[in-house]
Amino acid sequence: MRGKIVAMVLAGTAAVAAGCGAQAEPEAQAAGQPLAPSPELPVPRVAHTPPGPPCSVDTGACASLSLRRAWLMENGAVVRSVPMEPGAPGQPTPTGTFKVAWKDRVHRSDEYGDDMPNSVFFAAGGIAFHAGPLDRPSHGCIHLIEEDSALFFDRLPLGAKVEVRG
């Protein structure tokens, strides 16, 4: 009797699997072998959630050099979490707590001759968030893509807190 129940369950499983689009072989099911994955069925993907900010900034900006990520914060909430590129090893981005000192929408570096769109200056030596490539280190600044640099420029007022972590 037990053998009949097992056979009925296996046959029912094969019928259900076939009804869902899987092409199961009844012989494989009767033998108790697992179904092979169907090439027609999509593989579920797990959404990647960026980590939260490692800073204590309530309103302002947070940047993590090791995570290569920056966060725009307002009233304790993350407005946007964005990828960034910090300074090169020989010209590292300084860590610490700073304040936005000045901003320039269309800035050009006197020292390096590079365009620095949407510059938000926060540390001595002309260190700023600004638009720049994410595949090439800066001279100490924090590169953001154009859209993100415009958002940081628009939403970070003079005096806003900027915390940069290693």
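The values are calculated or read from the model by the stated rules, or taken from the named source; none is laboratory data. Just so it is clear, the model here is predicted, and its values are computed rather than measured. Reconstructed Cβ throughout: ideal geometry from the backbone, glycine too, with neighbour counts over all protein chains shown. The area values use the complete protein model at the heavy-atom level, side chains included, leaving out ligands, DNA and RNA. Shrake-Rupley method; radii C 1.70, N 1.55, O 1.52, S 1.80 Å.
Quick notes on this one:
- The lone exception for MET116 - which of (1) over 20 Å from the mean Cα position of the chain (by Cα); (2) closer than 17 Å to LEU72 by Cα; (3) buried (at least 20 other Cβ atoms within 10 Å of the Cβ) it fails: (2)
- Matching residues, the range 113-134, being among the small types (Gly, Ala, Ser) and assigned to a strand (DSSP E or B): SER119, ALA123, ALA128, ALA131
Quick grid of which residues meet (1) touching a residue at least 12 places away in the same chain (Cβ under 8 Å); (2) open to solvent by less than 70 Å² (accessible area, probe 1.4 Å); (3) assigned to a loop (DSSP other than H, G, I, E, B):
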site: LEU72; (1), (2), (3): yes, yes, no
site: PRO94; (1), (2), (3): yes, yes, yes
site: PHE98; (1), (2), (3): yes, yes, no
site: VAL106; (1), (2), (3): no, no, no
site: GLU111; (1), (2), (3): yes, no, yes
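- Pairs with Cβ under 6 Å, 6+ apart, first in the range 78-91 and small (Gly, Ala, Ser), second surrounded by 15 or more Cβ atoms within 10 Å (Cβ to Cβ) and modelled with pLDDT of 95 or more: SER81/TRP71; GLY87/THR93
- GLY90 being out of contact with any strand residue (DSSP E or B) (no Cβ under 9 Å at 6 or more places or on another chain) and farther than 14 Å from GLY140 by Cβ: no
- The range 128-149 - residue that is open to solvent by 30 Å² or more (accessible area, probe 1.4 Å) and aliphatic (A, V, I, L, M) and, of those, farthest from ALA101 (Cα to Cα): LEU134
- Selection from the range 74-86 of residues that are in contact with a strand residue (DSSP E or B) (Cβ under 7 Å, 6 or more places away or on another chain) and either part of a loop (DSSP other than H, G, I, E, B) or under 13 Å from VAL57 (Cα atoms) (or both): VAL78, VAL79, MET84, PRO86
- Top-ranked residue in the range 135-144 [being in a strand (DSSP E or B) and without any contact (Cβ under 8 Å) to a residue 60 or more places away in the chain; ranked as farthest from ALA63 (Cα to Cα)]: SER138
- Tallying residues that are in contact with a Gly (Cβ under 8 Å, 6 or more places away or on another chain) and open to solvent by 50 Å² or more (accessible area, probe 1.4 Å) within the range 74-92 yields 3.
- Considering VAL100, VAL106, VAL120, the condition of being aliphatic (A, V, I, L, M) and touching a helix residue (DSSP H, G or I) at 6+ places or on another chain (Cβ under 9 Å) is satisfied by VAL120 alone.
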